[in-house]
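Beneath this line is the structure, given in structure tokens, with notes to follow.
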Amino acid sequence: METFNNDPNFSIVMRGGCNAACAFCFNKSKNNAENKMTNFEWLLGIERTLLRLPSQFYQISITGGEPMISPVRDEVLTICKELKPRFTNILLTTNGTGLLTHIDNVCAGVHHINISRHHYDEEKNKAIFGGRFNVSNKELADIIDQYSARGVDVSLNCVIDDSTTYDFIMEYIEFAKSIGAYAVRFRKQNGDSLAPTPCELEVAEQYPILERGECPVCRTYLRVIHGLKTYWKAAVIEPTDKIKDKVYELVYDIDGNLYLDWNRNVPYAIQDEPVRPKRKVQYLVQESHTTCGWSNRGNRC
């Protein structure tokens, strides 16, 4: 497998939909997709895929939907826990649902957490989530405090666009600092352009870029503002539109198939298969009683 860079990402799109309804979510159309594969088969597909990935894949991104309401949440976290020696950067992106309830399992399975928080005001953030769900600012601070104490850093994700103001950015940073966030990731709403938003241009006049990463399909700039790390990110919706001959990232989707893109237009099959370690995850999955209630291998969910 020839990859575009030396640290390609492997994303797991979790089954189970989402309890929010963000208007800008590019993944929301998958929540009602038809799935003929059982959860057991889907989990085994993750195991087989992860064990066959070449060595340059060391990052796993658990995303959704909302991963923390997925019926296979605990099994995926167990898989990640068992493979932590192989994958040294495992990231969970969530809106914060259930993080205090499942702290042991999450800490065992991931290294980092990104919490989607698109406004510092609770009611305004709830409105962005479609009015269906929200984590209070107090609970958010508790989450950060408890996970940080366990060695898992927690950052905030905030989607911005051309209407976002400089004042909003500064107020958001102060909010993030007040609740102990490790960093803030300001992500430009996905589109066709990597150009900075007007508020980022205004920020750039005062706060220089300390680190940068750029390629044809994405860019990330690091700035430290008022003592807090802020990452400014932009990406095109589909990397395959610009990178045709190499693998930029791999997406294991809710239908149990592997893709080079997020719209499931470019399926991918791993051809070269390295030596596999002894299989563990199948046993762990079949013994799980937390989400599927299996007592033997013949049961299917």
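The values are calculated or read from the model by the stated rules, or taken from the named source; none is laboratory data. Just so it is clear, the structure is predicted and the values come from calculations on it, not from any experiment. As a convention, Cβ positions derive from the backbone with ideal geometry for all residues, glycine included, and neighbour counts pool all protein chains shown.
Counting the residues of region 59-85 that are out of contact with any strand residue (DSSP E or B) (no Cβ under 6 Å at 6 or more places or on another chain) and farther than 15 Å from A108 by Cβ gives 7.
Could you tell me how many of the residues in region 181-206 are in a loop (DSSP other than H, G, I, E, B) and surrounded by 14 or more Cβ atoms within 10 Å (Cβ to Cβ)? If you could, list the steps in order and put the result at the bottom.
Looking only at region 181-206, we keep the residues that are in a loop (DSSP other than H, G, I, E, B), and these are 181-182, 189-190, 192-197, 205-206.
With the extra rule that they be surrounded by 14 or more Cβ atoms within 10 Å (Cβ to Cβ), the set shrinks to 181-182, 189-190, 194, 196-197.
Residues meeting the conditions: 7.
Taking region 120-140 as the range and being in contact with a helix residue (DSSP H, G or I) (Cβ under 8 Å, 6 or more places away or on another chain) and either without any contact (Cβ under 8 Å) to a residue 60 or more places away in the chain or among the polar types (S, T, N, Q) (or both) as the test, the residues that pass are Y120, E122, N134, V135, S136, N137.
Only one residue in T88, T97, T165, T93 is β-branched (V, I, T), more than 22 Å from G16 (Cα to Cα) and not assigned by TED's automatic domain parsing to the domain that holds Y231, so which one is that? I'd like the intermediate steps shown before the answer.
Numbers: T97 fails: more than 22 Å from G16 (Cα to Cα); T165 fails: not assigned by TED's automatic domain parsing to the domain that holds Y231; T93 fails: more than 22 Å from G16 (Cα to Cα).
So the residue among T88, T97, T165, T93 that is β-branched (V, I, T), more than 22 Å from G16 (Cα to Cα) and not assigned by TED's automatic domain parsing to the domain that holds Y231 is T88.
Does R219 qualify as being loosely packed, with under 13 Cβ neighbours inside 10 Å and within 22 Å of the chain's Cα centre (by Cα)?
Working: loosely packed, with under 13 Cβ neighbours inside 10 Å: no; within 22 Å of the chain's Cα centre (by Cα): yes.
Against the criterion (loosely packed, with under 13 Cβ neighbours inside 10 Å and within 22 Å of the chain's Cα centre (by Cα)), R219 does not qualify.
With respect to the conditions (1) part of a loop (DSSP other than H, G, I, E, B); (2) touching a strand residue (DSSP E or B) at 6+ places or on another chain (Cβ under 6 Å), N265 lacks only one, and its number is (2).
Return yes when G227 is modelled with pLDDT of 90 or more and within 23 Å of L53 (Cβ to Cβ) and no when it is not. Spelling it out, it is not the case that G227 is modelled with pLDDT of 90 or more and within 23 Å of L53 (Cβ to Cβ).
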